[in-house]
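Here the structure is laid out as structure tokens; the discussion comes afterwards.
The values are calculated or read from the model by the stated rules, or taken from the named source; none is laboratory data. Quantities reported herein were computed from a predicted structural model and do not represent experimental measurements. Ideal geometry is used to build each Cβ from the backbone, glycine not excepted, and the neighbour counts take in all protein chains shown. Just so you know, the surface numbers come from the protein's heavy atoms only, side chains and all, with ligands and any DNA or RNA stripped out. Shrake-Rupley method; radii C 1.70, N 1.55, O 1.52, S 1.80 Å.
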Amino acid sequence: MSKKNCNYSSWGALLLLCRKVLHVLFCKKFRGEMEDGEWTMVQKSGNQFMVNGQPFYVNGFNTYWLMVFAADQSTRGKVTETFQQASAVGLSVCRTWAFNDGQWRALQKTPAVYDEDVFKALDFVVSEAKKYKIRLILSLVNNWEAYGGKSQYVKWGKAAGLNLTSDDDFFSHPTLKSYYKAHVKAVLNRVNTFTNITYKNDPTIFGWELMNEPRCESDPSGDKLQAWIEEMAVYVKSIDPKHLVEIGLEGFYGLSTPNRAQVNPNSYAQQVGTDFIRNHQVLGVDFASVHIYPDSWISQSISDAHVEFTKSWMQNHIDDAENYLNMPVVFAEFGVSAKDPGYNSTYRDTLIGTVYKTILNSTKKGGAGGGSLLWQVFPEGTDYMDDGYAIVLSKSLSTSNIVSLHSKKLNTFNSFCSWKCHWGCRKKHVLLDDFQSRDEL
């Protein structure tokens, strides 16, 4: 077939044939690995995630309360239900908490003292995720008071007689840092009671998150948080060099990059002690994280400006991940609250679609857009946990369809990513464009 004779119908027939071949070569291969009980670690090569030598794009969701629900037999079924529904629309990564400090149903009751039943509940979450081919990003502590967080570590320190004046002492006091390290060690070395696999050896775990949304407002320079990240990233790697590590940042630009201040959603964002580029240049950090909440950061009332901000926020971080960091960036939380003035489901679908389109534009170019994670997916019957952001897929057909379509696009692109086109007519990224134009994705 010459270049001149490349026409739409013949090209379409060839694409359909190749699609079938690819389905056999790739999909069957990955399914076979799962059937055999084998699952390899997610790795990083430059600004791409890799699995089995193939590019891998994160297509996922958040459900933070899985461990707590698994700790009670009356609610454990909701964990399975969540994974079932997420898997049905092609979601393949879940971010959830591997912490609950000193609270109700605490995992860590006091420093390095654990409730074995709750640890077994986390074991169940990990084992159940594998059944549904879902990988987990496990967060190790919270910046906020929910589920204990850094404030609980400070309370423990004060109870031990330490002279502490701020919750931000979590980042600098040697004793509090030792508490955190002990927790990291306990989780990473945990042997799963369901699978008998040590967490640090389990490919079901996508990676470790040092902290959910760390901020150190007492030190706007960012030095205190930077030192903590440098210490803890290396510490995690010293125990587990196999898994990927990320910080858990929201993506705010700090004082080290004054030229990026205008990208932030507001002036306050530069004063919370985080620094997107500087923080992610730390040894031991493998990929970047960014959150997207224009309804919290700009204004609560829904407007088109939120969508425009989302596009700009994402593209700037993708560009910086490519130009300065040489690592993938994952948009690890994004959503909109049903409690916002002017909210409607059509707007939510528009925001989700905007995030997905930006990710796909990056993947087609082999860029650093590593994927995204919805905040947040809930099964039916958990409305009392809803903070306004919950997406119940079984009740949200239009949203579910958007998620499912995005899954198909990413899966198809993953199949083409490492495949070389020898026909002289097109390149692999154009193949994806052809599929999109023909609504075959």
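Structure summary
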{"item": "Accessible area (Å², 1.4 Å probe, nearest 10) - residue 329", "result": "0"}
{"item": "Partners for residue 155 among aspartates and glutamates (Cα-Cα distance below 18 Å; same-chain residues under 8 apart left out)", "result": "101, 145, 167, 168, 169"}
{"item": "Along the chain, longest interval not containing exposed GluC sites (Glu not before Pro), exposed being DSSP loop plus at most 14 other Cβ atoms within 10 Å", "result": "218-379"}
{"item": "MRE, 222 nm, helices only [DSSP H, n ≥ 4, -39500 (n - 2.57), over the chain, to nearest 500]", "result": "-12500 deg cm²/dmol"}
{"item": "Gained length - residue 346 relative to residue 262, 0.36 nm times residue gap less alpha-carbon distance", "result": "27.3 nm"}
{"item": "³J(HN,Hα) computed for each position of segment 171-185 - Karplus, 6.51 cos²θ - 1.76 cosθ + 1.60, integer Hz, glycine/proline x", "result": "7, 10, 6, x, 5, 5, 5, 5, 4, 5, 4, 5, 5, 4, 4"}
{"item": "Förster radius 56 Å - calculated FRET efficiency between residue 165 and residue 380 (Cβ-Cβ, nearest 0.05)", "result": "0.80"}
{"item": "Surface per residue (accessible, 1.4 Å probe) for the chain, Å²", "result": "40"}
{"item": "Probe 1.4 Å, all protein chains present, accessible-area order of 313, 156, largest first", "result": "156, 313"}
{"item": "Size of electric dipole in the chain: Cβ of Lys, Arg +1 and of Asp, Glu -1, about Cα centre, debye, nearest 20", "result": "1820"}
{"item": "Solvent-accessible area, 1.4 Å probe, carbon plus sulfur percent, for the chain", "result": "51"}
{"item": "Simple label model, 7 Å out from Cα along Cβ direction - residue 38 to residue 319, nm", "result": "4.3"}
{"item": "Beta bridge orientation in the chain: antiparallel %, DSSP, nearest 5", "result": "20"}
{"item": "Pairs beyond 27 Å (Cα-Cα), from 224/311; 78/339; 44/78; 130/237; 311/364; 177/339", "result": "224/311; 44/78; 177/339"}
{"item": "Degrees separating the helix 397-417 axis from the principal Cα axis of the chain, which is the longest one", "result": "70"}
{"item": "Within segment 76-207, percent of DSSP bridges classed antiparallel, to nearest 5", "result": "25"}
{"item": "Distant-in-sequence amide H partners of residue 374 (H built 1.01 Å from N, under 5 Å)", "result": "60, 61, 62"}
{"item": "Most to least accessible of 87, 337 (protein chains only, probe 1.4 Å)", "result": "87, 337"}
